[in-house]
Amino acid sequence: MSDSINHPLDDYFRQQTRRQLMQRAGVGIGGAALTSLLGKGLAAGNNGGGLHHPAKAKRVIYLFQSGGPSQMDLWDYKPELQKRRGAELPDSIRGGQRLTGMTARQSSLPIAPSIFDFSQHGESGTWVSELLPHTAGIVDDLCLVKTVTTNAINHDPGITFLQTGHELPGRPSMGSWMHYGLGSMNEDLPAFVVLLSSGNYGAAQPVYSRLWGSGFLPSSHQGVQLRAAGDPVLYLQDPAFGDPARKRRMLDAVSALNESQFQKTGDREIQTRIKQYEMAYRMQTSVPDLTDLGDEPESTFERYGPDARKPGSFAANCLLARRLAERDVRFIQLYHTGWDHHGGLPNGIRTLTGETDQPCAALIQDLKDRGMFEDTLVIWGGEFGRTIYSQGTLTETNYGRDHHPRSFTMWMAGGGSKPGISYGETDEFSYNVATNPVHVHDMQATILHLLGIDHERLTYRFQGRRYRLTDIHGHVVKDLIA
C-alpha cells in the first residue's frame, strides 16, 4: 500500500519480473516454494505492500441492517418528546429539508415519540430500548455513534453509499477495498464473504450482488456469497463420476494455458481466473467444513437463540460469521433486511429486534470468549435513520416513519474501537445533529484506520484519476478509537 498510482500494466510488469526470477531460480520444489512466497508478498500489498500504521483490527464483521432502523425507538432516547405527541414538527427543525415522495405531500407531520421504554445499562449508563435486552447486556463493549449523517434519502443510493462510498453503482465495495489493500489471511476461503438473511416482517428492500462487487478493481477482490439453501456455493461440487487425479491434471493444464495467454496479453483478469480455479478447488473441502455445525456444542445454539439452527436466519449467519472469522476471513458482510417501517412500526420493529438482538450480543460474547474480540471489528447499522414525525395516521399504538439521512445511529465493537461510549448528540427532536457529526465517509475512514490503512493513501487509478473508498472526503474520528 502506498501513494503510488496504479496502472493497468502494473500487474503485468510485476509478473514479468517474477517470471524472470523464476527462470533464474530454476524449477522444482525450491522454485514452487519461492513462487508461493512471492504470491503472498504481492497479495499483502497489491499497490505497494505493508500497513500505513499499526493495525488494531485484522478482520471485520459488518452486520448491515437494510432498510433503516429507527434510532429513536432503539438508541436515541428523547423522553421530553412525550409532551409533544401529535404536535406538528416545527418548520425551524425541518429547515426546508427535501422529503421523500412518500411524505412530501403529507398535509401534517405529527411528532411520534417512541412508545417503548428505555433504561440505563452497564457502567456507562447508556440508555437502551426495551427492544434490545440482550444487546443492553453488552453495552459497555459498544462504541455507540448517535450522529451518523449521510447524503442519500432513498434506499438504493443509501446502501450503495455505505457500502462503496458513492451513491451511484460501479465503485468497489468496502470488503473489496480491504481485500485489495490488505490481501488474504487464509488460502482455503475467500477473503470477502457475504451472508444474506431476511426479516419476517413485510416486503424487504432488495439487496443486489453489486453491493459486494469489486467495481473497477480486479474481480478477484469481489465478495463471495454463501447460500443458505442447497449448495453454499454454486458449481463447487464435482459430478458423481469425477476423478480427483484427473481433475488436478485438468486444472494444471488450464492454468498453464492461461499463464501462456497472460504472457502474451498482460490481461490481469487471466491471473484472476487462475486464482479462482485454485480457490474453488480448495473450497471443495473448506466450505463443507465451515458450514457443518455438527462440532458446535448445544450451549452455542442456546447462546445465539432459537433461530440458530435455521439456515439463512440472522442467528445462523452470525454463528457462521464467527466460524469464518476463526478461519481468518478478512471481511464478513451480513445483510439483514426488513427494517423499512413506513407503517406498523411498533409491531415491525418488535419482530426485527426479536430476530437480531440475541444473535448480536451472542456474537460479541463468543468473540470475547475465544480471544478474538480485540482484533475483530464488529459494525452494526443501516443506510439511514427514520423521521420523528409519523408517516400516515398517528395513533396511540401505531405509527410509521419515513427515511431520515440527517442523523442515525451505528455502533462498533472490538477491533480497537473505544468501548462504553455514546458519541455525539442529536437535537431534542432526534432530527438534526447537535454535537459531533460523523459523516459516512468519516465512519469509513475510521474503520480503515483501525485496520492500519490511511484512507487517503489506499487508492486505485481508473479512467485517469485516483479513486478511494472515501472519495475526496472523510476524516478519522479519533474519539472513537481506544
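The values are calculated or read from the model by the stated rules, or taken from the named source; none is laboratory data. What you are looking at is a predicted structure, and each value in this text was computed from that prediction instead of being measured. Cβ: placed from backbone, ideal geometry, glycine included. Neighbour counts: every protein chain shown.
Inside region 331-352, can you point out the residues that are surrounded by fewer than 24 Cβ atoms within 10 Å (Cβ to Cβ) and β-branched (V, I, T)?
T337, T351
Please work out if R370 is closer than 27 Å to K58 by Cβ and in contact with a strand residue (DSSP E or B) (Cβ under 9 Å, 6 or more places away or on another chain).
Answer is no for this residue.
With a cut-off of at least 3 residues that are over 18 Å from the mean Cα position of the chain (by Cα), name the strands (runs of 3 or more DSSP E) lying wholly within region 379-482.
Counting at least 3 such residues, we get 385-390, 401-404, 421-423, 433-435, 460-462, 465-467.
Of all the helices (runs of 4 or more DSSP H) wholly in region 112-219, which have at least 2 residues that are surrounded by 18 or more Cβ atoms within 10 Å (Cβ to Cβ) and among the aliphatic types (A, V, I, L, M)?
Per the criteria, 155-164, 174-182.
For L352, are the conditions met, namely being under 17 Å from the mean Cα position of the chain (by Cα) and not in a loop (DSSP other than H, G, I, E, B)?
So L352 does not fit the description; no.
For region 127-137, check the following and say yes or no: at least one residue is of a type outside the set (A, V, I, L, M, F, W, C), under 22 Å from H342 (Cβ atoms) and in the same structural domain as T409 (by TED's automatic domain parsing).
yes
Just wondering, is there one or more residues in region 204-217 that are modelled with pLDDT of 95 or more, more than 29 Å from G344 (Cα to Cα) and in contact with a Gly (Cβ under 7 Å, 6 or more places away or on another chain)?
Yes - at least one qualifying residue is present in region 204-217.
Out of the residues in region 79-111 that are exposed (fewer than 12 other Cβ atoms within 10 Å of the Cβ) and within 20 Å of A434 (Cβ to Cβ), state the one that is farthest from the chain's Cα centre (by Cα).
K83
Residues are listed down the side, and each one gets a yes or a no for (1) surrounded by fewer than 19 Cβ atoms within 10 Å (Cβ to Cβ); (2) at pLDDT below 50; (3) of a type outside the set (D, E):
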position: G41; (1), (2), (3): yes, yes, yes
position: N46; (1), (2), (3): no, yes, yes
position: G49; (1), (2), (3): yes, no, yes
position: H52; (1), (2), (3): no, no, yes
position: A55; (1), (2), (3): yes, no, yes
position: V60; (1), (2), (3): no, no, yes
position: F64; (1), (2), (3): no, no, yes
position: P69; (1), (2), (3): no, no, yes
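Does I421 satisfy the condition of being crowded, with 22+ Cβ neighbours inside 10 Å, over 24 Å from T300 (Cα atoms), β-branched (V, I, T) and in contact (Cβ under 8 Å) with a residue 40 or more places away in the chain?
no
Would you point out which residue out of I453, I447 is of a type outside the set (S, T, Y), modelled with pLDDT of 95 or more, within 22 Å of I138 (Cβ to Cβ) and in the same structural domain as D141 (by TED's automatic domain parsing)?
I447
Would you say S313 is hydroxyl-bearing (S, T, Y), surrounded by 18 or more Cβ atoms within 10 Å (Cβ to Cβ) and within 30 Å of P206 (Cβ to Cβ)?
Considered against the rule, which asks whether it is hydroxyl-bearing (S, T, Y), surrounded by 18 or more Cβ atoms within 10 Å (Cβ to Cβ) and within 30 Å of P206 (Cβ to Cβ), S313 comes out as yes.
Look through H134, H121 and report the one residue that is in contact with a helix residue (DSSP H, G or I) (Cβ under 7 Å, 6 or more places away or on another chain) and without any contact (Cβ under 8 Å) to a residue 60 or more places away in the chain.
Exactly one residue qualifies, and that residue is H121.
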